[in-house]
Amino acid sequence: MATLADIPLRPQEEERLAKEFADTLAVIDNLRQLDVSQIEPTHQVTGLENVTREDVVNKARMFTQEEALANARQTHDGFFVVPRIIDRDES
Amino acid sequence: MMVFLWYQELLIEMNHKNLNSLTLVQALKALADKQISLDEIYESVNSAIKESQKLNIYLTLNPQARVQAKKAYQAHLPLAGLPIAVKDNYCTKNLKTTAASLVLDNFIPQFDATVIYRLKKAGGVVLGKTNMDAWAHGSSTETSDWGPTLNPRNPKYLPGGSSGGTTAAVAANTCIAGLGTETAGSIRQPSAWCGVVGLKPTYGRVSRSGIVAMASSTDSPGPITKTVEDAALMLQQMAGHDEADSTTNPQAVPNFGQDLKKGVKGLKIGLLYSDVPELKKVMSLIEPELKTFERLGAHLEPAQALDPHYAIGVYTIVQRAEVSSNLARYTGIRYGQDRSHLGDEARRRIMLGTFTLSKGYADRYYTTAQKVRSLYRRDFAKLFSKYDLLISLSNPGFAKKVGATKGEAMFGELEDMLLEPSSIVGLPGINVPCYRDDKTNLYLGLNIMAPMWREDLILRSGWAFEQATDWNQWAKAK
């Protein structure tokens, strides 16, 4: 799970977090006591559907390039510098 | 004991020059009548902040606050430049916003959250950013990467959370009013523990845009204030449709002040969770207080609701799933630090959410939880066909001692059990103080819930309760 979620773990933490993980699962497993076979799931409660807006630019909500990059760790010629993810040595 | 005495003395001392303890309504009136100046309020609030530094309430103070206040006052705006404490998960332009996580320890937003934008337009001033559970994951403020906030009512105890910094700021009179956010309890639970008023609006009443996201299908920003009337005033400025948040309600915002003082005569009120075994002891403390509603002409009776214990499972699964998705954006590339800076609680939640959404487990956990969520929706619909309002305790007991969350992965969920059912179905609710323990000076809170979009009803009944009882220290102060 840690790998899937890109969470770096130190070896000495693994055992503790695994135990806490199991503790939590034990609590939430009580849902299995309920019969929900005939019930539809609720994903949202607003009742709103297909909310769209006009495809026009709202300049008041726009960032300048400088603002967009203001918090970046590393930039290059007005771009974000990102770690390489293709042709990476996965070993 | 020493710390406690120190703070009691402070409270007494503060009462002599107590402009910082004015409610929002009182401060606005006193300013309009020119009885006091805005400068005097800021002097008083600033010295209260200085004297309460040990409580660890504010993470960042706004160095521009007084300049901005003066401008707002001179422009005759409705909030007149008064100082507002803001939870550190609201993005504030040019003012550090960390969500109490080391991941964002260097993050300076280039924009204001919609609520902050609206508040500033109405003449409110961001006084400072308050401590919280990191990423709002918790109910103690103890998971903050900057250490816990202490409860101003008794600093040996926690303020609750995740909006514990703001509820402490209000309780300690280090602001005039405050902002929090709630996903399932994060406004009402710390408000109960700190003895203040906290309003969780209907999901979709207040824009989430620009707030560090936790669980997008339940996150609800709301006011934390000294009185119910202050909460109505703040909500009025915060609420309304926002094109940047497609879940906000497109309908016009009603006037929350209009029926505020109409009373509760003739209302049918259902009392929830009074038969939950763990609550027996605290229920016996507040039972005499509940009679207040009957004295005021409402009809109160115990109501049967779906066991709140199941809501713990629903909320835990849905919230973790949404967290695992929302926190995927923190890569340290566009802003903030990399993922090695995530704390224990965030890592636990992200991993559990990843698990409950993963192939082979999604049906057993995520889909089941969303189906049980439907059961709660049905249950509340049934209850509201019979009752105008529902009330319950805000949380199972008094504030817990500093250190109480250690090794408790489910601390918050068990603590918020009574608020989770209504939160996962989007209902509005308010916490009003309803009991104080003389020995510890700690409070219990009453949670008043209404159908979707009926904040007017909870404000009205909260106001009536506050006026008819002695538990709110600000409600009757002149």
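Results, tabulated for the structure shown:
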read-out	value
Diffusion constant of the stretch B:205-256 at 25 °C, which comes from Stokes-Einstein with the Kirkwood Cα-pair radius and 0.890 mPa s, µm²/s	208 µm²/s
Net dipole in debye of the stretch B:2-468 [+1 Lys, Arg Cβ; -1 Asp, Glu Cβ; about Cα centre; nearest 20]	480 debye
Mean-position separation - Cα centroids, the stretch B:261-315 and the stretch B:75-136, in angstrom	35 Å
Shielding by other protein chains, B:108-119, mean Cβ within 10 Å	2
Derived scalar couplings ³J(HN,Hα) [the stretch B:185-202; Karplus, 6.51 cos²θ - 1.76 cosθ + 1.60; whole Hz; x for Gly, Pro]	x, 5, 9, 6, 5, x, 5, 5, 5, 9, x, 10, 8, x, 10, 9, x, 3
Alpha-carbon gyration tensor eigenvalues x 5, square-rooted, for the stretch B:293-390, Å	38, 18, 10
Distance (nanometres) between label positions extended 7 Å along Cα→Cβ at B:GLN110 and A:ILE39	4.5 nm
Overall form of chain A per C-alpha gyration tensor (a/c, 1.5; a/b vs b/c)	oblate
Computed over the stretch B:256-345, Cα set: Rg, Dmax in Å	21.8, 60
Loop-resident sites, the stretch B:15-109, for trypsin sites (Lys or Arg not before Pro), counting at most 16 other Cβ within 10 Å (DSSP)	B:LYS34, B:LYS96
Charge tally in the Cβ shell below 14 Å around A:ASN58, where Lys, Arg are +1 and Asp, Glu are -1, A:ASN58 excluded	-2
Computed helical MRE - 222 nm, chain B, DSSP H runs ≥ 4 contributing -39500 (n - 2.57), nearest 500	-11000 deg cm²/dmol
Rg [Å, one decimal], Dmax [Å, integer] - the protein assembly as shown, C-alpha atoms	22.8, 74
About the Cα centre, charge dipole magnitude for the stretch B:53-155 (Lys/Arg +1, Asp/Glu -1 at Cβ), debye	580 debye
Surface/4 of the Cα convex hull for the stretch B:2-468, nm²	20.8 nm²
Size of charge dipole - the protein assembly as shown - debye, nearest 20, with Cβ of Lys, Arg +1 and Asp, Glu -1, no other charges	1100 debye
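Here, each number is a calculation from the coordinates, and none is a lab measurement. Please read all numbers here as calculations on a predicted model, not as lab measurements. Positions of Cβ are backbone-derived with ideal geometry, glycine not excepted, and every protein chain shown enters the neighbour counts.
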